[in-house]
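The structure that follows is given in the form of structure tokens.
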Amino acid sequence: MAQIELRAGVPAVASGLLRWLGHDGDFTNDDAQWLAWEQWLVEIDESHTSLPVLAFFRSPQAGRSWVTAAGLVLDTANLLFSALDVPRSRQVELTFTAGCLAVNRVHRFFDYRAETQPAELRTPEEVTAANPGRASFAKAWQELQAAGLPLRADEEAAWQHFQERRTRYATSIGFLSQLLLAPALSSLH
């Protein structure tokens, strides 16, 4: 998470990470970064389903969690796919797929195999923050536009695309955040 904070700001947000990645206007030259995140997510998948107690290990720094970091990487890739009108490398797609697989497999282990449930539900404010709405997407859109990044022509269509892709991982991120008492994902912006 510290690596992500260096790139996405504090609190780390998807629009901040996209601005960092696109600092030079080229989103095809970040394969090394996306590969590192893919490898980390594959390791999470393997380690946290083989030895599930690892999922509960927390960072010594308040506000950091592997679940929050995974959600941020997934939201960043999703925002790149949905909002930006730029070429993207296959590595971003691989990282997104690896992240979806990882969080869904860890979720399934705890939800189905271990029949574990979160001790308590989050407040409505925390649930809203963890599931960015239309206003949050609009704010991220404005931030990306202000940074001079090339946006798709239709913001509403981009929002719909973002929401559609988010169904691939949002439930798992929400469940794991609650179960592991992870800090809620800040948002898109």
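The values are calculated or read from the model by the stated rules, or taken from the named source; none is laboratory data. Just so it is clear, the structure is predicted and the values come from calculations on it, not from any experiment. As a convention, Cβ positions derive from the backbone with ideal geometry for all residues, glycine included, and neighbour counts pool all protein chains shown.
Just to be sure, is Trp40 outside any loop (DSSP other than H, G, I, E, B) and either of a type in the set (D, E, K, R) or surrounded by fewer than 21 Cβ atoms within 10 Å (Cβ to Cβ) (or both)?
Criteria met by Trp40.
Which condition breaks for Leu149 when tested against (1) out of contact with any helix residue (DSSP H, G or I) (no Cβ under 8 Å at 6 or more places or on another chain); (2) of a type in the set (A, V, I, L, M); (3) assigned to a loop (DSSP other than H, G, I, E, B); (4) modelled with pLDDT of 90 or more?
Here Leu149 meets the rest and fails (1).
Now, a different point. Any residue at all in segment 56-63 that's surrounded by fewer than 20 Cβ atoms within 10 Å (Cβ to Cβ) and assigned to a helix (DSSP H, G or I)? Steps first, please.
Just the residues of segment 56-63 that are surrounded by fewer than 20 Cβ atoms within 10 Å (Cβ to Cβ), to begin with: 56-63.
Narrowing further to those that are assigned to a helix (DSSP H, G or I): 56.
Yes, there is a match, as at least one residue in segment 56-63 is surrounded by fewer than 20 Cβ atoms within 10 Å (Cβ to Cβ) and assigned to a helix (DSSP H, G or I).
Residue under question is Asp45, and the condition is that it be surrounded by 13 or more Cβ atoms within 10 Å (Cβ to Cβ), touching a residue at least 60 places away in the same chain (Cβ under 8 Å) and not hydrophobic (A, V, I, L, M, F, W, C); does it hold?
yes
Let me ask something additional. So Glu93 passes all but one of these: (1) assigned to a helix (DSSP H, G or I); (2) within 14 Å of the chain's Cα centre (by Cα); (3) over 26 Å from Arg134 (Cβ atoms). Which condition number does it fail?
That leaves (3) as the condition not met.
So that you can scan it fast, the table gives a plain yes or no per residue for (1) within 29 Å of Leu35 (Cβ to Cβ); (2) at pLDDT 95 or above; (3) of a type in the set (Gly, Ala, Ser):
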site: Ala69; (1), (2), (3): yes, no, yes
site: Ala77; (1), (2), (3): yes, yes, yes
site: Gln91; (1), (2), (3): yes, yes, no
site: Leu94; (1), (2), (3): yes, yes, no
site: Thr97; (1), (2), (3): yes, yes, no
site: Pro132; (1), (2), (3): yes, no, no
site: Ala158; (1), (2), (3): yes, yes, yes
site: Ala170; (1), (2), (3): yes, no, yes
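Among the residues of segment 64-87, count how many are surrounded by fewer than 20 Cβ atoms within 10 Å (Cβ to Cβ), within 15 Å of the chain's Cα centre (by Cα) and either not in a helix (DSSP H, G or I) or not aromatic (Phe, Trp, Tyr) (or both).
So the count comes out to 1.
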